[in-house]
Amino acid sequence: MRYIDPHIHMVSRTTDDYAAMARCGCVAVTEPAFWAGFDRSSAAGFADYFGQLTETEPARAAQHGIRHHCWLCINPKEAEDPGLAREVIAEIPRFLDRPNVLGIGEIGLNKNSRNELAVFEAQLDLAASRGLLVLVHTPHLEDKLKGTRMIIDAIARDSRIDPGRVLIDHVEEHTVAQVLDAGFWAGMTLYPDTKCTPQRAADIFETFGLERLWINSAGDWGHSDPLAVPKCRQEMARRGHTAQTIERVSYANPLEFLSQSPRFRADA
Amino acid sequence: MSSKQRIADLYFLEHRAKLIDLAAFLDRVDRAGEPAEPPDFRVRALVRAAAVLTDGAGSRARRVLEMLSDPSTEPARSAAATKGASGAPRQGAL
Ligand SMILES: [Zn+2]
């Protein structure tokens with residue numbers, strides 16, 4: 001019955017969504033820092049957002065019995081301006097000791113540009129120097145395959161980073177094998193039109209096994225579904241998967257990865 | 001493991017509808033604009049990728065996704081022009 005949604009942008013969701021998630025068995029969420037749908041005009045705008053992720057949102061989640069954790073970074077969609085990125089990265093350390101912060105994320109690439117790559121590497125350095133977990137966003141649609149390769153290569157260049165402490169998210173059929181083969185954790189995002197459907201996520205579990213693989217809704221301000229994880233659980237049940245398998249992919253696996261941070265808690 | 005019949009029982013009607021939707025979408029593209037106007041590069045990429053469905057080889061989802069991916073390997077010079085993605089590569093659009 002219980003599940004964890006390890007990637008969801010609750011600042012964009014309503015209290016009704018929290019209530020529905022709690023009714024479906026959600027006990028914990030983790031919320032990566034991401035693009036708000038518009039470019040923030042200054043580093044101070046990011047600092048306000050980090051305050052929201054570390055103070056306001058955990059309190060809102062607690063009202064529904066859901067544990068809230070977050071990841072901090074400058075996201076790849078706002079990483080084309082190196083000067084702004086440097087200022088934002090300088091803001092991050094003063095928030096890292098807050099009790100719900102798990103690590104750096106969702107960093108990665110969007111259009112696979114040189115500036116995005118440099119900002120990604122600078123934030124990998126921040127994570128490596130402090131021994132933090134990393135959550136990585138891979139690009140959309142036609143940019144995903146190339147971007148995933150660039151991301152794996154960039155992480156491999158930093159020998160301080162243990163792939164077992166990095167989750168590479170939004171994998172699909174053409175990227176999941178290279179992520180898992182390199183020793184990373186992989187996340188499948190369940191979206192209505194792009195990324196994975198619940199059916200394809202179940203196919204990927206059947207094809208690649210249950211090791212180091214999780215599902216999330218990545219629910220945000222766009223077309224997305226905050227109940228995508230329980231819907232994937234239903235899809236797997238419909239196919240005859242056992243309750244143990246379903247619990248593994250939607251609770252035990254995220255628990256295993258996230259518990260590498262002593263701050264992660266899934267109890268209400 | 002499910003039998004082939006069970007998979008068909010569970011999913012056939014849903015995917016029958018998706019195939020008809022795709023056919024109707026291509027008809028809609030044909031009806032639009034001037035007859036001589038070529039389809040958008042995304043539609044052409046979709047039609048090319050659809051060949052994967054009937055070639056008899058496996059890993060269809062992976063191969064369709066690969067055909068709809070940017071084949072270049074060098075980092076882009078800049079992302080200043082757009083944040084968005086279109087769903088098919090512009091390079092190689094026939
Ligand atoms: Zn996200």
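General observations
- Given (1) more than 19 Å from A:R86 (Cα to Cα); (2) away from the ligand (no atom under 15 Å from the Cβ); (3) within 14 Å of another protein chain (Cβ to nearest Cβ), number of the condition A:P163 does not satisfy: (3)
- Counting the residues of region A:178-200 that are within 13 Å of chain B (Cβ to nearest Cβ) and more than 16 Å from the ligand (Cβ to nearest atom) gives 5.
- A residue that is open to solvent by 100 Å² or more (accessible area, probe 1.4 Å), over 25 Å from A:F208 (Cα atoms) and touching a residue at least 24 places away in the same chain (Cβ under 8 Å) cannot be found anywhere in region B:65-75.
- The set of residues in region A:211-226 being open to solvent by 40 Å² or more (accessible area, probe 1.4 Å) and more than 16 Å from the ligand (Cβ to nearest atom) consists of A:E211, A:R212.
- Identity of the residue in region B:59-91, over 22 Å from A:T194 (Cα atoms) and not hydrophobic (A, V, I, L, M, F, W, C), that ends up farthest from the other protein chains (Cβ to nearest Cβ): B:E74
- Pairs linking a residue in region A:108-124 that is without any contact (Cβ under 8 Å) to a residue 24 or more places away in the chain to a residue that is open to solvent by 10 Å² or more (accessible area, probe 1.4 Å) and basic (K, R), with Cβ atoms under 7 Å and 6 or more positions apart or on different chains, are A:R114/B:R77.
- A:G219 being within 22 Å of A:G25 (Cα to Cα) and outside any helix (DSSP H, G or I): yes
- Any chance B:L53 is more than 8 Å from chain A (Cβ to nearest Cβ), in contact with a Lys or Arg (Cβ under 7 Å, 6 or more places away or on another chain) and loosely packed, with under 15 Cβ neighbours inside 10 Å: yes
- Single unsatisfied condition, A:H241 versus (1) under 17 Å from the mean Cα position of the chain (by Cα); (2) not in a helix (DSSP H, G or I): (1)
- The single residue among A:F46, A:F95, A:F50 that is more than 16 Å from the ligand (Cβ to nearest atom) and closer than 22 Å to A:R130 by Cα turns out to be A:F95.
The values are calculated or read from the model by the stated rules, or taken from the named source; none is laboratory data. Here the structure is a predicted model, which is why all the values come from computation and not from measurement. Reconstructed Cβ throughout: ideal geometry from the backbone, glycine too, with neighbour counts over all protein chains shown. Please note that ligands, DNA and RNA were not included when accessible areas were found on the heavy atoms of the full protein model with its side chains. Shrake-Rupley method; radii C 1.70, N 1.55, O 1.52, S 1.80 Å.
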